[in-house]
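All of the numbers you see were taken from the coordinates with simple rules; none came from a lab. Fair warning: this is a prediction, and the values are worked out from it, not measured in the lab. Cβ atoms come from the backbone with ideal geometry, glycine included; neighbour counts cover every protein chain shown.
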């Protein structure tokens, strides 16, 4: 937006600066033309005066045949005035063509003056005086005709130049009027454009703020660009962060409530369950019960044990113990868990339900500080899920490697089972969510909780060739960086 405003101001300023410069140049040219026209009008007036004096002299020569001294003095005065006017005309600077015309005029004026001079010098001889007067009249007629032609031609040219100058002045007035009218219009238009460009994004951001204030944390700002686009992106990030924080707060509240309920349930149910289980075991050991009754009691005892396991898992999830960190090689923990949890192996490849184990362990994996019991429980949950996802057999691949640049240890457990549907991919780590008939829905939730307590992350994705891959990333922590274990929590843990 800033670039658009600057560009608009530059264009607006450039147009009016160029328009102003054009007006100044046009005014200067018009002023110069008017000055030339004034000079030309003065020249025209001088030539007309010169023509009038020449005609006056001609008239005097024609009617002053009495040749009185007063009449002759008047002719001499008119001749001197005509000579002065002619000199003023000849002093002006002109182009070559006009200079030639003026030189011709100058020669004719000199010839006329010589004829008049001869006329004045023969006063004593009346006959000669009449002859010289006629000659002067002839020269004067030539001068009058020449002046008349020059004046008529100059008048025509001057008239055209005057009209052209008036047209230029009219165009300049029109341009000035257009600039005066167009300037405010353009300024108002640019102000409207810039105001709308600012008002619309601000309105969108204000609406988003009101949505956020009302509690709609899912609202996102769309369609803004430039600086407002950056503000919208920051607003969306803030809304997402608030939404996540609210979700975490609700989850924490739920976990607090679950913890309190779990503690109460375990306390209230543990002793009755133990009594029920003991009583059933006593009945099961009696000699006079039938095989069917023995089987029913065994199923009842299994269900009681399942309820006990559920109570322990619920308590572990609701009130997880603080990890007791020890220097551990993740390869050793994963190896022991794989060997203890999967009863199948590659020794019976012909079995239709055989589980093939593939291990890709990094032999240079560094030691890191983790709780081995919690890590073993996480690996056990993932491995058992992988086995249960392959009822017809398949391959479980366990991989470990180090990302030395990020100081991380990566653990991947992949299977070739049924995979993860897109509909449930975001729910598998939620507590009490399960797709199994007898599942508690706490295994992956507890695993995620343990991994996050170690400062790591766990994620799941669908394999392109089928099956799923669970990826764990743990920070590579040295002994001196790890916190001291909490012995009270260690002793109070229910495993």
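In table form, for the structure just shown:
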quantity: Theoretical gain in end-to-end length, residue 227 to residue 251 [0.36 nm per residue, Cα-Cα removed]; calculated: 5.1 nm
quantity: Inter-site label distance for residue 131 and residue 421 at 7 Å from Cα along Cβ, in nm; calculated: 14.4 nm
quantity: Calculated FRET efficiency for the pair residue 80/residue 175, C-beta based, R₀ 56 Å, to 0.05; calculated: 0.65
quantity: Residues of the stretch 372-393 with amide N under 13 Å of a point placed 7 Å along Cα→Cβ from residue 453; calculated: 372-378
quantity: Residue 152/residue 96 FRET efficiency (R0 30 Å; Cβ-Cβ; nearest 0.05); calculated: 0.90
quantity: Largest-first ellipsoid semi-axes for the stretch 240-314, taking √(5λ) over the Cα gyration tensor eigenvalues, angstrom; calculated: 42, 13, 5
quantity: Computed label-point distance, nm, for sites residue 322 and residue 432 using a 7 Å Cα→Cβ extension; calculated: 2.9 nm
quantity: Computed label-point distance, nm, for sites residue 260 and residue 293 using a 7 Å Cα→Cβ extension; calculated: 4.6 nm
quantity: Sites residue 237 and residue 9, calculated FRET efficiency, Cβ-Cβ separation with R0 30 Å, nearest 0.05; calculated: 0.40
quantity: Length released on extending from residue 403 to residue 185, taking residue separation times 0.36 nm less the Cα-Cα span; calculated: 72.0 nm
quantity: D_trans [Stokes-Einstein, Kirkwood Rh over alpha-carbon pairs] for the stretch 371-476, 20 °C, 1.002 mPa s, µm² s⁻¹; calculated: 151 µm²/s
quantity: Gyration tensor (Cα) of the stretch 137-202, equivalent ellipsoid semi-axes in angstrom; calculated: 62, 5, 5
quantity: Additional length obtainable on full extension of the chain from residue 162 to residue 42, 0.36 nm per residue less Cα span; calculated: 41.8 nm
